[in-house]
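Peer 1: What follows is a single structure, and I will ask about it in a moment.
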Amino acid sequence: KDEPTPAFTFTTTKEKLVFVNTNDIYAGHFFELTAGKYRILKKVQTKYIAAIPSTNPLIAGTSAQFILDKPLYFIQSEDGFTKIPKNAKELAAAMPNKGQEILDFVNKNKIKLNREEDLIKLGTFLNQ
């Protein structure tokens, strides 16, 4: 987490992975959905659940596993690093210089802020 690695692109999926130091719990590697002045970033996190041994020979224990959490989406701009909320009004309030434009675009194009395809459209619009 402390030493940034250069951005790289996966050859098979063409996904770009970049390092962003946010100076909080989200610092680390992100998938870059859109590049430009307003970057849309996706943070993928997993939880580790340790194995639970069997307490009784008749009852099976559970094996260790990784559980994938819902991805978190962020907008990185010159103004800062903003987590994308579920509500378009909250996003407009977090970005006051483009607030009304964002509301108009989201309402006109029926953008849902929890769908990756729609966030790519939003990122393309913001970078115009």
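Peer 1: Residues of the stretch 24-53 being surrounded by 11 or more Cβ atoms within 10 Å (Cβ to Cβ), free of Cβ contacts under 8 Å to residues at least 60 places away in the same chain and not aliphatic (A, V, I, L, M), which ones?
Peer 2: Answer for the stretch 24-53, where residues must be surrounded by 11 or more Cβ atoms within 10 Å (Cβ to Cβ), free of Cβ contacts under 8 Å to residues at least 60 places away in the same chain and not aliphatic (A, V, I, L, M): Y26, G28, H29, F30, F31, E32, K43, Q45.
Peer 1: Which members of the stretch 60-88 meet the condition of being touching a helix residue (DSSP H, G or I) at 6+ places or on another chain (Cβ under 7 Å) and farther than 30 Å from I49 by Cα?
Peer 2: A88, the sole residue that qualifies.
No value in this document is a laboratory result; all are computed from the given coordinates. Just so you know, these numbers come straight off a predicted model, no measurement behind them. Virtual Cβ from ideal backbone geometry, glycine too; neighbours counted across all protein chains shown.
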